[in-house]
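A short write-up of the structure that comes next.
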Amino acid sequence: MSNKRPIGMFRAVAKENDGTQHEQTRTDLTFSISENALIAGGFDFVDHEGQKVYWGVMINIQDTIKPGTFKFTPKGETSGFYNPPRPHSSWVPDGTNPEGEITLTEVDHSKKFAHGTFSFEVFNRHNSNESAKITGAFSLTAGAED
């Protein structure tokens, strides 16, 4: 799996069930791709009541990486998580019946490139009454070595 500084775009919108919406476009990007795994995400530091918090979204596929739609699985072979822009732990999909999918529209392993979209629902680990619907898109290429 490559571990290079990515080049490109990762955009995510989180709509929490209390009506709060967060949009992320400028981020600290994460991207790794191999024949059998893809990880993509974006994170930012924001100020929350005088405290710096790291928030963002990450997606993961552990399967043959090729164009197509990958449904979320209970064991997490395809999954994602959301760190809200407040000092809370990650919000994760339902462990029994996760709702979500990642669609890869273009993959080029020789260029370490992938383009796709994602949508999924996550729940606060400490309060299952708090949830968020996450949607987004990415177009990333592994870049220069760190």
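Key figures
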quantity: Failed condition for ARG86, given (1) part of a loop (DSSP other than H, G, I, E, B); (2) surrounded by fewer than 17 Cβ atoms within 10 Å (Cβ to Cβ); (3) out of contact with any His (no Cβ under 7 Å at 6 or more places or on another chain); calculated: (3)
quantity: Any chance GLU99 is farther than 21 Å from ALA14 by Cβ, without any contact (Cβ under 8 Å) to a residue 60 or more places away in the chain and surrounded by fewer than 17 Cβ atoms within 10 Å (Cβ to Cβ); calculated: no
quantity: Matching residues in the range 102-119 - criterion: being without any contact (Cβ under 8 Å) to a residue 24 or more places away in the chain and more than 15 Å from the chain's Cα centre (by Cα); calculated: ASP108, SER110
quantity: Filtered residue count, the range 103-129, keeping only those that are of a type outside the set (Ser, Thr, Tyr), closer than 18 Å to ILE7 by Cα and in a loop (DSSP other than H, G, I, E, B); calculated: 3
quantity: Single unsatisfied condition, GLU77 versus (1) touching a residue at least 24 places away in the same chain (Cβ under 8 Å); (2) surrounded by fewer than 17 Cβ atoms within 10 Å (Cβ to Cβ); (3) under 24 Å from SER139 (Cβ atoms); calculated: (1)
quantity: Test result for LYS71, over 20 Å from ALA142 (Cβ atoms), of a type outside the set (Val, Ile, Thr) and either at pLDDT 95 or above or in contact with a Cys (Cβ under 9 Å, 6 or more places away or on another chain) (or both); calculated: yes
quantity: Among the residues listed as ILE33, ILE59, the single one being buried (at least 19 other Cβ atoms within 10 Å of the Cβ), farther than 20 Å from THR135 by Cα and out of contact with any Pro (no Cβ under 9 Å at 6 or more places or on another chain); calculated: ILE33
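The values are calculated or read from the model by the stated rules, or taken from the named source; none is laboratory data. Quantities reported herein were computed from a predicted structural model and do not represent experimental measurements. Don't worry about glycine lacking a Cβ; one is built from the backbone with ideal geometry, like all the others, and counts go over all protein chains shown.
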